[in-house]
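Novice: Following this message is one structure expressed as structure tokens.
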Amino acid sequence: MPPTDDCLEEWEKNERLEATRRNYIEKRKNEIREKEDTILGVVPYRKKPESRPNMYLDEKTGLPLFTYGKNAPFKRYRTPPNLRHYKNMKIVKISENA
């Protein structure tokens, strides 16, 4: 008995699917080979940001300036205001016969 028309159509469809599957696999293999063959120095994975200077130099003197200059977040006091809460020490003499 000869194969039916449905059977022939299904066989042709399976052949086309198998051919497209083989083509896809070959393309993927070629892409993977190309990635492996590329030189790592040519294609960097990550770029580092450019380093920023931590201290800026004064143009006139060449000495480093602080980041904020005169607009620093706080300024040091010659005599801190919290010293007013401390009491002056009282010197106590220790007797020798104690």
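The values are calculated or read from the model by the stated rules, or taken from the named source; none is laboratory data. Because the structure is predicted, anything quoted here is derived from the model rather than measured. FYI the Cβ positions are ideal-geometry reconstructions off the backbone, even for glycines, and counts take in every protein chain you see.
Novice: Of all residues in region 1-35, which are in a helix (DSSP H, G or I) and of a type in the set (A, V, I, L, M)? Quick ask: steps written out before the conclusion?
Specialist: Within region 1-35, the subset in a helix (DSSP H, G or I) is 5-35.
Selection gives Leu8, Leu17, Ala19, Ile25, Ile32.
Novice: Looking at Leu65, Leu8, can you tell me which residue is at pLDDT below 80 and surrounded by 10 or more Cβ atoms within 10 Å (Cβ to Cβ)?
Specialist: Going through Leu65, Leu8 in turn, the sole match is Leu65.
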